[in-house]
């Protein structure tokens, strides 16, 4: 997988429940080339979100290695991994996960607080990101003042504001009506095509998967090609 | 860069009632804490204001207060010959040989047998001059040689039968009240003053209680003190700067109030800290997904710990602010109690100082920190994946 920006090699993930070992991923390997829009599909419990969490660096594999843009993140310390996430990963969650007490502007600014950017530079970045998702007129709104689709667009603005190496999206349309889902998918497609962003998306929705370049199916912790 | 303060501050108001009740709990503790310190400080202020920098006071060595002290007429006369004492316009040493005694009077609203001790101070004309803070507010000065009295305003306001023109009976005589006086913040405001000679005679006293003198120069005090320590005629006596004497007098009562009050507030504070802890645990439980999100975005555990601790400190400091403002209103109050060193009534106010404000803020910060630490630590320890799933 020489051109892959995401290289997952022989990764297994076993959860421990009391004394029981529950294997979720088994010896899984996956490569995602730079600029790809990959959809991960599969039944509930197949391990797709676990794989996404491992790629995003919020979980660690039981064995195997995960290399993102030349960094083996499975060897990073917890603190270094947090720093790495802030620079390289943009998150889009099913339920948007915006901070309810912060405005759209402040939510999008959050990841930039972990950079050395000045306030003025942060402002420029936030306004650009909110402009890309078409919410320049909603910057001072709180999440509860926005529709579900708008909230998810703010979340996407938050995911792209640091210009991350990859965007991970976990069921980004799972909580949206059809129209809003289409808008969000169109936005992800635009990010991929126009801004060459690498996107890994977990979805149950075949319509969402259709927008991706490639779809991989996970079943019982193992990958199969679509 | 940390999680913005606005996150911690605004999050407080997402659960308004709980936050408000927790703040109220902290405010109550902060109020009691401040009130106790203001009271102890008020006592110190009152007693220190009783003394003057320019005066020195002589008492019997073993006496802890003026009422317990005895100075014989011979000793008093010898003291009067010391050159360190300033001389008045009449060519006589500027000093007052005073006699203190205690009488029983009834406070307004007290029962027939519920009497309080009040100090009666027999003074000389110099005694009046040495206490410039004592000013007549009503009536006139008592006449030397007559059974007349003037009453400090704290006694006039609180006790029965203290009106001008009324008579009170003690030591087998009827004494007429001819004036009321104000003594600023000093303890003299809780005295009744009369002519030293009349009081000596009425009580058949053969000795004075204390001697207060104006020194020629403040620097002469150490020379005079050395003399008191080495001259056998003064063997049984001690001399102190008047201000220091009254400051020491205040210590027993103010320390008692401080210690008792602080012990009570510390016990109260456990309640407030547990309240803050419950509130913060609830906040962490309600915001688990938010914590997971912040951690996923790259905020470190210590940033999450800091954000929640700051939230707890906000609660504590808001509580402290409210407690302090409420306590400020106590400055308008005056209360009285029995001074342990003289066993007589003393009135004092609540005095706020910058150091009390700082102490209260530090105490509240400590409450916020202790109450908030465990929940914040729990927030910081949350596993990201589990936290995100909990939504």
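Annotations
- Selection count where residues are in a loop (DSSP other than H, G, I, E, B) and within 14 Å of another protein chain (Cβ to nearest Cβ), scope the stretch B:333-391: 4
- Per this entry, residue A:184 is not counted among residues that are within 14 Å of another protein chain (Cβ to nearest Cβ) and on the phi < 0 side of the Ramachandran plot.
- Of the residues in the stretch A:46-62, at least one is in contact with a strand residue (DSSP E or B) (Cβ under 9 Å, 6 or more places away or on another chain) and away from every other protein chain (no Cβ under 14 Å).
- Taking the criterion of being over 19 Å from residue B:81 (Cβ atoms) and assigned to a loop (DSSP other than H, G, I, E, B), the residues of the stretch B:196-231 that qualify are B:203, B:204, B:205, B:206, B:209, B:218, B:219.
- Odd one out for residue B:42 among (1) away from every other protein chain (no Cβ under 14 Å); (2) touching a residue at least 60 places away in the same chain (Cβ under 8 Å); (3) under 30 Å from residue B:278 (Cα atoms): (3)
Yes/no per residue for (1) within 14 Å of chain A (Cβ to nearest Cβ); (2) closer than 23 Å to residue A:57 by Cβ; (3) more than 35 Å from the chain's Cα centre (by Cα):
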| residue | (1), (2), (3) |
| --- | --- |
| B:271 | no, no, no |
| B:281 | no, no, yes |
| B:286 | yes, no, yes |
| B:289 | yes, yes, yes |
| B:292 | yes, yes, yes |
| B:295 | yes, yes, yes |
| B:303 | yes, yes, yes |
| B:307 | yes, yes, yes |
| B:319 | no, no, no |
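- Qualifying position, being over 28 Å from residue B:22 (Cβ atoms) and either exposed (fewer than 15 other Cβ atoms within 10 Å of the Cβ) or in the same structural domain as residue B:257 (by TED's automatic domain parsing) (or both), among B:335, B:356: B:335
- Total residues in the stretch A:74-83 satisfying the condition of being more than 8 Å from every other protein chain (Cβ to nearest Cβ) and within 16 Å of the chain's Cα centre (by Cα): the figure is 1.
- The listed residues are B:91, B:139, and the only one of them that is more than 29 Å from residue B:153 (Cβ to Cβ) and either more than 30 Å from the chain's Cα centre (by Cα) or at pLDDT 90 or above (or both) turns out to be B:91.
- Listed by first and then second residue, the pairs with beta-carbon distance under 8 Å, at least 6 apart or on different chains, first residue in the stretch B:155-174 and assigned by TED's automatic domain parsing to the domain that holds residue B:104, second in a strand (DSSP E or B) and exposed (fewer than 12 other Cβ atoms within 10 Å of the Cβ), are B:167/B:174; B:168/B:174.
- With respect to the conditions (1) in contact with a strand residue (DSSP E or B) (Cβ under 8 Å, 6 or more places away or on another chain); (2) on the phi > 0 side of the Ramachandran plot, residue B:91 lacks only one, and its number is (1).
- Of the criteria (1) crowded, with 19+ Cβ neighbours inside 10 Å; (2) touching a strand residue (DSSP E or B) at 6+ places or on another chain (Cβ under 9 Å); (3) within 14 Å of another protein chain (Cβ to nearest Cβ), which one residue A:66 fails: (3)
- Comparison of A:154, A:89, A:108 shows that the only residue that is at pLDDT 95 or above, out of contact with any strand residue (DSSP E or B) (no Cβ under 9 Å at 6 or more places or on another chain) and closer than 23 Å to residue A:36 by Cα is A:154.
- Restricted to the stretch A:71-184, the set of helices (runs of 4 or more DSSP H) holding at least 2 residues that are touching a residue at least 40 places away in the same chain (Cβ under 8 Å) and buried (at least 21 other Cβ atoms within 10 Å of the Cβ) comprises A:104-109, A:148-160.
- The single condition among (1) in contact with a strand residue (DSSP E or B) (Cβ under 6 Å, 6 or more places away or on another chain); (2) farther than 19 Å from residue B:287 by Cβ; (3) within 11 Å of another protein chain (Cβ to nearest Cβ) that residue A:117 does not satisfy is (1).
The values are calculated or read from the model by the stated rules, or taken from the named source; none is laboratory data. Quick caveat: nothing in here was measured; it's all calculated off a predicted structure. Cβ atoms come from the backbone with ideal geometry, glycine included; neighbour counts cover every protein chain shown.
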